[in-house]
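Working notes, beginning with the structure itself.
Coordinate-derived values only; no laboratory data. Every value quoted in this text rests on a predicted model; they were computed, and no experiment measured them.
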Amino acid sequence: MLASGIATTATYNTTLVYFQHISNCESRDLVQQIFPFFKNKVPLINDRVAKHWANIGEAHSTDYNSQVIVTGKNTTHAGYRQNWKYVQTKAELKAVKKAFQLSDVYRAHAYKELAKAQNAFSNTRLPVFIGVYARILNLQEQSSREYGYNMAPQSFYRKAFEAAQQRSSDRNLIFIIVSDSIKEAKALLSNMTAEFKIYFSSSSEVEDFATLSVCHHSITTGGTFGYWAALLAGGTTFYFSEFATPGSKFAKYFNNDNFYRPEWISIGY
């Protein structure tokens, strides 16, 4: 949602503001800590001020509402805002990436982590880092499976790793694995470590996000965590195309073509 607001300001020369719903808003404080732009550049106002503002929403998670402002009025954005079209022009993408620049402390941690990965493979000169987000733990829950979330199998990772190698003229690829369960990720990829240079990175969620976002290219298995890390990283992104189980409740609302950027590369089973 923040990204769609930033994109709107870039296109229509409007001002982005943050609502202060309560005195201690954890999500707001976390965003300000990670990305200084939101602490230094975005005004914080009481949400009561916006009581009569025009509200522009959307029906489902990957829908797209082409109306982003009401001429002559202050507006609020509601909904998930997870359609790539909310950030589609070069100017919008540039504005979003500028706003989501990491604070110095997290950027420093990220580059230290990449240095550790390079040291783990001491014979690798000028490595190309591929950030890999392996979403596993919460997708194993019965409620997640019933809703239609699908966990990427080992075959996806193998295909994605091979595709990354095929597209790179440099063979010095190091795959940086970040996961919501690094233990499960190691078990899943254990028999691939002899074929690929795989480094398992395990820090706090914020530090893991920072590490992924400074890699050269990305592989993501589903969800917004991996999506935004890949977008900030730039380069080539490979994604798991079977995240929504066909025929499931989740599949009714989630559309790959709406969620993932058109230049990203789809990989299925």
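Measuring against 32 Å, Cα to Cα, the residue pairs LYS39/LYS159; LYS98/LYS249; LYS85/LYS186; LYS90/LYS186; LYS85/LYS116; LYS112/LYS186 contain LYS39/LYS159; LYS98/LYS249; LYS85/LYS186; LYS90/LYS186; LYS85/LYS116 as the ones spanning a longer distance.
Amide H to amide H, with H built 1.01 Å from N, SER203 comes under 5 Å of ASP208, counting only residues 5 or more places away or on other chains. I need to check one value: relative contact order of region 27-119, counting alpha carbon pairs closer than 8 Å and at least 6 residues apart, in percent. Relative contact order for region 27-119 comes out at 30 percent. Using the Cα gyration tensor of region 185-269, with a ≥ b ≥ c the square roots of its eigenvalues, what is the shape: rounded (a/c below 1.5), prolate (a/b larger than b/c) or oblate (neither)? Because a/c hits 1.5 or more and a/b exceeds b/c, region 185-269 counts as prolate.
Please state the relative contact order of the chain as a whole percent: Cα pairs under 8 Å, 6+ residues apart? Relative contact order of the chain: 20 percent.
Counting only DSSP beta bridges with both residues in the chain, tell me the antiparallel percent, nearest 5. Close to 5 percent. Note: relative contact order over region 69-189, using C-alpha pairs below 8 Å and six or more positions apart, is 29 percent.
With a/c under 1.5 counting as rounded, go ahead and sort region 87-129 into rounded, prolate or oblate using the C-alpha gyration tensor (a ≥ b ≥ c being the square roots of the eigenvalues; past the cut-off, prolate if a/b is larger than b/c, else oblate). The shape class here is oblate. With an a/c value of 1.5 or above and a/b not larger than b/c for the gyration tensor axes a ≥ b ≥ c computed over the alpha-carbon atoms, region 35-92 is described as oblate.
Helix 104-120 and the longest principal axis of the Cα set of the chain meet at an angle near 10°.
Given [x] 19.5, 62; [y] 19.8, 66; [z] 20.8, 62, which label gives Rg and Dmax of the Cα atoms in Å as computed from the coordinates? Checking each listed value against the structure points to [x].
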